[in-house]
Amino acid sequence: MTLDPNIILSMPPLVTRQSITPKDVMLYALGVGATELPFVYEDGLATLPTMAVVMAYPGFFWRDPKYGVTWQKIVHAETGFTLHAPLPVEGELVGTTHYGPIFDKGADKGAILYHTREVRTAAGELIATVRNTSFFRGDGGFGGTSEGQPIPHPVPERAPDLIETMATSVDQAKLYRLGSGDMNPLHVDPATARTAGLDKPILHGLCTFGVAGRALLKALAANQPARIRRMDARFSSPVFPGDTIETAIWREGDGQEGQKQAAFRCRVVERDKIVLNNGYVKFS
């Protein structure tokens, strides 16, 4: 069945709710490898900026037949967030996911769908905007266009200004799935991984994103979460639990509203493989 983009684009927003507790905040931090006291201790607890991407998280909703997509061939291609207020350590959250735009790369090349989630408190305060891009590998050729697709942030062709290297543990995915709510067996079950053509389970892409966020927070913001305002990246290759992730950072001066900006890219040291690319961060 050919994808009908109008079905998705005409759908009402997907609304999700979450009750967040300090335990959730600490478990997420441990899931991305953070052990610094401010992120894992209830006295003075602070929320890591990258936790925005799993707040009021709707999960892998593409399995629902109403979307009419080949969900088995969907890949999470990009993610990013903008923070509008400090992330809470407890309270009720509401996520509202809007769909579009969608781009047709061709019958043999797939389609790209952008979807955005606004995360608000129960009182209606907007605290974060989360941007995601899904690559529908099996759903191209529906007659749309590929023109107008956003251009990823370029990485400078010079030596990086800063490098942060952080190890992941062999059990990282087992812990991250509990703190993120992403229970996809691909990240923990060897049999499922083999079915997907992998030698072993891979780390969640959003966990890799979280490790990169820790590196940026340390290198650019002295581990002060309120100083990180935006972060975006493209997923380019999987990470395996136990891999060492090197984050290269290029300072790019001041942006709008007095905020600073930088580009970044992550690679796995052991395999010299780029795993996050076209990274962009705004900070103060």
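The values are calculated or read from the model by the stated rules, or taken from the named source; none is laboratory data. Note that this is a predicted model, so its numbers are computed, not measured. Don't worry about glycine lacking a Cβ; one is built from the backbone with ideal geometry, like all the others, and counts go over all protein chains shown. Quick note on the areas: whole protein, heavy atoms, side chains included, nothing else; ligands and nucleic acids left out. Shrake-Rupley method; radii C 1.70, N 1.55, O 1.52, S 1.80 Å.
Things worth noting here:
- Distance between region 138-153 and region 85-108 - C-alpha centres, whole angstrom: 18
- Computed with a 1.4 Å probe on the full set of protein chains, the accessible area for His76 sits at about 70 Å².
- Rounded if a/c under 1.5, otherwise prolate or oblate - region 107-187, Cα gyration tensor axes: rounded
- Approximate spin-label separation Val170-Gln72, in nm, with each point projected 7 Å along Cα-to-Cβ: 3.2
- Helix-only [θ]222 nm of the chain, DSSP H runs n ≥ 4, -39500 (n - 2.57) each, per residue, nearest 500: -5000 deg cm²/dmol
- Prolate/oblate/rounded call for region 108-267, Cα gyration tensor, a/c under 1.5 rounded: rounded
- Backbone N atoms of region 136-175 closer than 19 Å to the 7 Å Cα→Cβ label point of Lys109 belong to residues 136-153.
- Applying the Karplus relation 6.51 cos²θ - 1.76 cosθ + 1.60 with θ = phi - 60° to region 48-61 yields 3J(HN,Hα) values of 4, x, 5, 5, 3, 6, 10, 6, 6, 6, x, x, 8, 7 Hz, where x marks Gly and Pro.
- Our estimate of slack between Ser236 and Ser284, defined as 0.36 nm per intervening residue step minus the Cα-Cα distance, is 14.5 nm.
- Where trypsin sites (Lys or Arg not before Pro) fall in DSSP loop in region 97-134, at most 16 other Cβ within 10 Å: Lys109
- Environment charge at Asp232 (Cβ cut-off 10 Å; Lys +1, Arg +1, Asp -1, Glu -1): +3
- A cut-off under 14 angstrom between Cβ atoms defines the neighbours of Ala196, and their net charge, with Lys, Arg +1 and Asp, Glu -1, is +2.
- Take region 99-231 with all the other protein chains still there, run a 1.4 Å probe, and you get 47 Å² of accessible area per residue.
- DSSP-loop GluC sites (Glu not before Pro) across region 1-96, with at most 16 other Cβ within 10 angstrom: Glu36, Glu42, Glu90
- Placing pseudo-labels 7 Å out from each Cα toward the beta carbon at Ala191 and Asp254 gives an inter-label distance of 6.0 nm.
- FRET efficiency for the pair Thr21 and Thr129, taken as 1/(1 + (r/R0)^6) with r the Cβ-Cβ distance and R0 = 30 Å, rounds to 0.85.
- At R0 = 25 Å, FRET efficiency that the Cβ-Cβ distance of Val269 and Leu30 yields, to 0.05: 0.65
- Accessible-area composition of region 136-212, carbon plus sulfur, in percent [1.4 Å probe]: 53
- GNM flexibility winner over the chain from Thr47, Thr116, Thr145 (Cα, springs under 10 Å): Thr145
- Long-range HN-HN contacts of Ser236 with modeled amide H, under 5 Å: Leu276, Asn277
- Long pairs among Lys109/Lys260; Lys105/Lys174; Lys23/Lys273; Lys73/Lys174, criterion Cα-Cα beyond 29 Å: Lys109/Lys260; Lys105/Lys174; Lys23/Lys273
- Dipole orientation for region 207-279: of the candidates Thr244, Ala263, Ala226, Ala226 has the Cα lying most toward the positive pole (charges on Cβ; Lys, Arg +1; Asp, Glu -1).
- Largest-first ordering by accessible area, 1.4 Å probe, given options Phe60, Phe235: Phe60, Phe235
- Protein accessible area in region 28-135, 1.4 Å probe - carbon and sulfur %: 54
- Rg over Rh, two decimals, the chain (C-alpha only, Kirkwood Rh): 0.95
- Net charge of the neighbourhood of Ile127, taken over other residues with C-beta under 10 Å away and scored Lys/Arg +1, Asp/Glu -1, is -1.
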